[in-house]
Amino acid sequence: MRVLQRFYLIEVMSGVALTAAHFFRNMSGHVRHSLGQKGARGAVTIQYPEERRPYSPRLRSLHRLVQREDGSPRCVACMMCETVCPAHCIYIVATEHPNPEIEKMPARFDIDVGKCVFCGYCVEACPEDAIRMDTGILEFASYSRRGMVYTKEALLALQPAGPDGRPQSTIPIPADREP
Amino acid sequence: MPKLTINGKEIEVPAGTNLIEAARRVGVEIPHYCYHPGLSIAGQCRLCMVDIEKAPRPTIACNTQAVDGMVVWTETDRVKETRRSVMEFHLINHPLDCPVCDQAGECWLQIYYMKHGLYDPRMTDEKVHKPKAVPLGPHVMLDAERCILCSRCVRFCDEITRTGELGIFNRGDHSQIGLFPGTELANKYSANVVDICPVGALTDRDFRFQVRVWYLDSTKSICPGCARGCNIEVHTNRRRPHHAEGRRVARLKPRPNPDVNGWWICDAGRYGYGAVDDKSRLLAPSRREGGAVTDATWDEAIAAVAGVLARVAPDEVGVVASPQMANEDLFALRRVLERRGIRRVGFRVPPRAPGDEDDFLIRADKHPNSLGASLLGLDGDVAAILAAARAGQVKCLWVFGHDLLASGWPETDVDRALQATELVVFTGPNANATSERAQWVLPAAAWVERDGTYTNCAGRVQRFRQAADPLGRALPEWDILGRVLVALGAPAAPPRAERWFGELATAVPAFAGLSYRSIGDVGQPTATGAA
């Protein structure tokens, strides 16, 4: 540490000066921009959540289960995602499908989002393209750990994000939270 | 004995050995589907092709006997190309529905494709469709599309059970396995066809969709279903407890042992493990006083039982041991009896209905260790003990495992004997009508939750190993009896089943010279042999 840095007040004042310089530079930029000087720009702030940056189309967001034409899950409960999941957050219980051509389907398909690390391996491993992470939903919170578990029905009801990357379906409200 | 060379390694094998077995001895694996050492040779699958010097073309190894001076090559380019082509043929009409197939993970089509196939499929036509998910009997499900027509199951039903329910019907690529009209695959050994099916054509209805096979752990064990003591593997699911409703034992599979069961087990034994994860399991030592049942600690329970044994005269104690107990447990019991001089002991309780028996594996005696119990000198008259109890001569009756009220004896007689006894102690893994009448219940670990040995009907001592943790606070019987022994004033009791067996081998002449190491995986006959 240099001798000057040892004097607390000098370093604090230089920090305040830096912050103030940015503040006034941005303010003058915004004021000149609003007065018609198009070349002048200040720092950009996004008014989240009313305003959002566009998401990348490759973003991994909340999972959804893809439906067949009749509305049943496309998933055949092969347990590939459950096996590959490094966080062990997928819980599948298999059962018989009435159609012997399909044979197998999940009776239960729970994802504990509280444990999920959003690696996307489940999507990679799925041989049926039955699970995707394209809902565009990133805001999910809950007052309890149980509320972070999304069931088969909840995951089947989700829609893919729109072309602008915005969620098409409402953000699911876990069981323990009042709307 | 012919001497031949396989991949440059010389080996001498008994006359009549085929090339697959000869190669196995030098550590060379020749891929095959239809060949099974327990069945006749069919030569159906054509996968086991090898090159033999001076032979014009590749030859099937399963139907070629080793001959003196034969020079065999199993990995030439020609053999590899042949295998790849045969694999491509086998998979032409295969539905590739591995995601829904229970065999996935232990399927020889998957294994051999990765090892010997890896071709680019050229099949562009519509595949032939056949029936799927067809129940053949109470235990077996057929998927005709996955079948490669190796005919192992047909030969099993023709040669082993001699019931002949299965056949191959139709021709060409419409050939399929099926039942003869009016029959059902319901013989006593039917589920063995699932084990020998190399693909997912025959799957187990009991195991269907329960657990994926790669989640299972395998432990070498012995079937406790009858006196034969078939060698088995216990497959437990420890990694995914939400599967199969939390049952820890997922399935039992036969383990080859030519001296006992060959490659097979009966269906009764295969599906006889239900009591292990049953609601009736006893989880904690408990005391019954005036109709109220309260849980106790092991220290309290052992002190109470040992206190009574020490207080009551030895002639006033009756012990009904169980042939379901391992040799180690029975020897620990013998030590307790010797310490107090108790002579009223027996283990034979007649069943209500005579046990099913046949001339292959199934024995009428439905207990795994009856011979062990009699070699240990516990073969007394249980009926006489109960008669003495009715006459008021027995103050303490210790019952192991049996449900005396469901035995071949009249229920009223047993009921009067239990009523006339001051203290009834029950030790066993599962609750039953007799345990409901006991003042003290000491929960025992089930056979998959502990180590031990059984002596089968031919006098062969065989080891079973721990595959799961005991449920609740249950303990192996040798541990319970060892604690009682210490409470009765013995200096110490062996802390492991293996040490108990060591003491047993020293003390009982029939077991002399035996140890867990010498018994190994396939068992060892007792010194006296069959009884």
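Any read-out appearing in this document is the output of simple, stated calculations on the displayed coordinates, not a laboratory observation. As the structure is a computational prediction, the values presented were derived from the model and not from experiment. All Cβ positions, glycine included, derive from the backbone under ideal geometry; neighbour counts span all protein chains shown.
As I understand it, the value is the acute angle between the Cα axis of helix B:477-487 and the longest principal axis of the Cα atoms of chain B; what does it come to in degrees, rounded to 10?
Long axis of B:477-487 versus the principal axis of chain B: about 30 degrees.
For each of A:Val76, B:Val486, count neighbouring Cβ atoms within 10 Å of the residue's Cβ, then give the residues from fewest to most.
Ascending Cβ contact count within 10 Å gives the list B:Val486, A:Val76.
Identify the residues of the stretch A:156-171 with backbone N under 19 Å of a label point that sits 7 angstrom from the Cα of A:Arg60 along the Cα-to-Cβ direction, or state none.
A:160-161
To two decimal places, what compactness ratio does the stretch A:64-157 give when its Cα radius of gyration is scaled by 2.2 N^0.38 Å?
1.05
Hey, for a label at A:Arg108 modelled as a point 7 Å past Cα toward Cβ, could you say which residues of the stretch A:114-153 have their backbone N under 14 Å away?
Under cut-off, by backbone N: A:149-153.
When chain A is modelled as a GNM with alpha-carbon springs shorter than 10 Å, which of A:His33, A:His88, A:His63 fluctuates the most?
Highest fluctuation among the options: A:His33.
Counting other Cβ atoms within 10 Å, which trypsin sites (Lys or Arg not before Pro) in the stretch B:75-169 have at most 11 and lie in a DSSP loop?
B:Arg122, B:Arg162
For B:Ile265, B:Ile196, what's the fewest-to-most ordering of other Cβ within 10 Å of each Cβ?
Listed from fewest to most nearby Cβ atoms, that is B:Ile196, B:Ile265.
Once phi is turned into θ = phi - 60°, what whole-Hz ³J(HN,Hα) does the Karplus curve with 6.51, -1.76 and 1.60 give for every residue of the stretch B:8-18, x standing for Gly and Pro?
Karplus-based 3J(HN,Hα) across the stretch B:8-18 equals x, 9, 8, 8, 10, 10, x, 4, x, 5, 8 Hz.
Mean-square fluctuation check for chain A, GNM, Cα pairs under 10 Å: which of A:Val93, A:Val84, A:Val12 is largest?
Highest fluctuation among the options: A:Val12.
Specify which residue in the list B:Ala467, B:Thr124, B:Val211 is farthest towards the positive end of the charge dipole of chain B, using unit charges on the beta carbon of Lys, Arg (+1) and Asp, Glu (-1), about the Cα centre.
Result: B:Ala467.
Roughly how tilted is helix B:327-340, in degrees to the nearest 10 and between 0 and 90, from the longest Cα axis of chain B?
So the helix axis and the longest Cα principal axis differ by about 10 degrees.
Can you say what percent of the DSSP beta bridges in the protein assembly as shown, counting only those with both residues inside, are antiparallel? Round to 5.
About 75 percent, rounded to the nearest 5.
Among the listed pairs B:Lys80/B:Lys132; B:Lys9/B:Lys115; B:Lys3/B:Lys54; B:Lys54/B:Lys80; B:Lys132/B:Lys188, which have their C-alpha atoms separated by more than 28 angstrom in this model?
B:Lys80/B:Lys132
Could you let me know the centre-to-centre spacing of the stretch B:238-306 and the stretch A:140-168, using Cα atoms, in angstrom?
Rounded to whole Å, the Cα centres lie 41 Å apart.
If you average 1/r over all unlike Cα pairs in the stretch A:102-179 and invert the result, what Kirkwood radius do you get in angstrom?
Kirkwood radius, the stretch A:102-179: 13.8 Å.
With each run of n ≥ 4 DSSP H residues scored as -39500 (n - 2.57), what mean residue ellipticity at 222 nm is computed for the protein assembly as shown after dividing by its residue count and rounding to the nearest 500 deg cm²/dmol?
Helices in the protein assembly as shown give a 222 nm mean residue ellipticity of -6500 deg cm²/dmol.
How big is the dipole moment of chain A about its Cα centre under a simple scheme where the beta carbon of each Lys and Arg is +1, that of each Asp and Glu is -1, and everything else is neutral? Debye, nearest 20, please.
Around 1280 debye, computed over chain A.
Percent relative contact order of the stretch B:35-140, based on C-alpha pairs within less than 8 angstrom and at least six residues apart?
21 percent
Would you look at the GNM of chain A, springs on alpha carbons closer than 10 Å, and say which of A:Ala154, A:Ala43, A:Ala141 moves the most?
It is A:Ala43.
On a 0 to 90 degree scale, rounded to 10, what angle separates helix A:8-34 from the longest Cα axis of chain A?
Helix A:8-34 sits roughly 80 degrees off the main axis of chain A.
What's the exposure ranking of A:Tyr48, A:Tyr150, going from fewest to most Cβ atoms within 10 Å?
The most exposed by this proxy come first: A:Tyr48, A:Tyr150.
Could you calculate the contour length gain from B:Glu88 to B:Gln65, that is, 0.36 nm times the residue separation minus the distance between their Cα atoms, to one decimal place in nm?
Using 0.36 nm per residue and subtracting the Cα-Cα distance, I get 5.6 nm.
Quote the charge dipole size of the protein assembly as shown about the Cα centre in Debye, to the nearest 20; the model charges only the Cβ of Lys and Arg (+1) and of Asp and Glu (-1).
Charge dipole, the protein assembly as shown, about its Cα centre: 2020 debye, nearest 20.
With +1 on each Lys and Arg Cβ and -1 on each Asp and Glu Cβ, how big is the dipole of the stretch A:64-157 about its Cα centre, in debye rounded to the nearest 20?
That gives the stretch A:64-157 a dipole magnitude of about 380 debye.
Using only Cα atoms, locate the centre of the stretch B:325-361 and the centre of the stretch B:376-412, then give the distance between them in Å, rounded to an integer.
Cα centres, the stretch B:325-361 to the stretch B:376-412: 12 Å.
Could you work out the pair-distance distribution P(r) of chain B from its alpha-carbon pairs, with 20 angstrom bin width and percents rounded to whole numbers?
20, 45, 26, 9, 0
With contacts defined as alpha carbon pairs under 8 Å and 6 or more residues apart, what's the relative contact order of chain A in percent?
21 percent
Label points 7 Å out from Cα along the Cβ direction at B:Ala384 and A:Arg2: separation in nm?
Inter-label distance under the simple model: 10.6 nm.
FRET efficiency for A:His88 and A:Ile171, Cβ-Cβ distance as r, R0 = 22 Å, nearest 0.05?
After rounding, the FRET efficiency stands at 0.30.
Per-residue HN-Hα couplings for the stretch A:110-123, Karplus 6.51 cos²θ - 1.76 cosθ + 1.60 at θ = phi - 60°, whole Hz, x for Gly and Pro?
Ordered by residue, 3J(HN,Hα) equals 10, 10, 8, 5, x, 9, 4, 10, 6, 7, x, 4, 4, 5 Hz.
Can you give the mean number of other chain Cβ atoms that lie within 10 Å of the Cβ atoms in peptide A:87-97?
Whole-number average of other-chain Cβ neighbours for A:87-97 is 3.
Of B:Leu504, B:Leu91, A:Ile131, whose Cα points farthest to the positive end of the dipole of the protein assembly as shown (charges on the beta-carbon: +1 Lys, Arg; -1 Asp, Glu; origin at the Cα centre)?
Of the options given, the answer is A:Ile131.
Per residue of B:94-101, how many C-beta atoms from partner chains lie within 10 Å of its own C-beta, taken as a mean?
Per residue, the average neighbour count from other chains is 5.
I need the phi-derived Karplus couplings for the stretch B:56-65: 6.51 cos²θ - 1.76 cosθ + 1.60, θ = phi - 60°, integer Hz, Gly and Pro marked x.
Here the 3J(HN,Hα) series is x, 8, x, 10, 6, 6, 5, 9, 10, 7 Hz.
Within the stretch A:1-73, report the chymotrypsin sites (Phe, Trp or Tyr not before Pro) that DSSP leaves as loop and that have at most 16 other Cβ atoms within 10 Å.
Of the chymotrypsin sites (Phe, Trp or Tyr not before Pro), the ones in loops of the stretch A:1-73 whose Cβ has at most 16 other Cβ atoms within 10 Å are A:Phe7, A:Tyr55.
Given A:Met13, A:Gln47, A:Gly36, which one lies farthest toward the positive end of the charge dipole of the stretch A:1-53, if we put +1 on the Cβ of every Lys and Arg and -1 on the Cβ of every Asp and Glu?
Of the options given, the answer is A:Gly36.
Pairs of Cα atoms under 8 Å, at least six residues apart: use those to get the relative contact order of the stretch A:64-157, whole percent.
Averaging sequence separation for qualifying contacts and normalising by length gives 35 percent for the stretch A:64-157.
Using label points projected 7 Å from each Cα along Cα→Cβ, tell me how many nm separate B:Val128 and B:Glu422, to one decimal.
7.9 nm
May I ask for the percentage of alpha-carbon pairs in the stretch B:195-247 that lie more than 18 Å from each other?
46 percent
Given R₀ = 60 Å, what would the calculated FRET efficiency be for A:Val44 paired with B:Glu245, taking r from the Cβ atoms and rounding to 0.05?
My answer for the efficiency is 0.60.
So the label point goes 7 Å from the Cα of A:Ala141 along Cα→C-beta, right? Which residues of the stretch A:35-70 then have their backbone N under 14 Å from it?
Correct set: A:49.
Specify whether the C-alpha gyration tensor of the protein assembly as shown places it in the rounded, prolate or oblate class, a ≥ b ≥ c being the square roots of the eigenvalues: rounded for a/c under 1.5, otherwise prolate if a/b is larger than b/c and oblate if not.
oblate
Any idea how far the Cα center of the stretch B:474-531 sits from the one of the stretch B:93-124, in Å?
Their Cα centres are 48 Å away from one another.
Using a 7 Å offset from the Cα along the Cα-to-Cβ direction at both B:Arg78 and A:Asp164, what is the distance between the two label points in nm, to one decimal?
My value for the distance between the label points is 7.1 nm.
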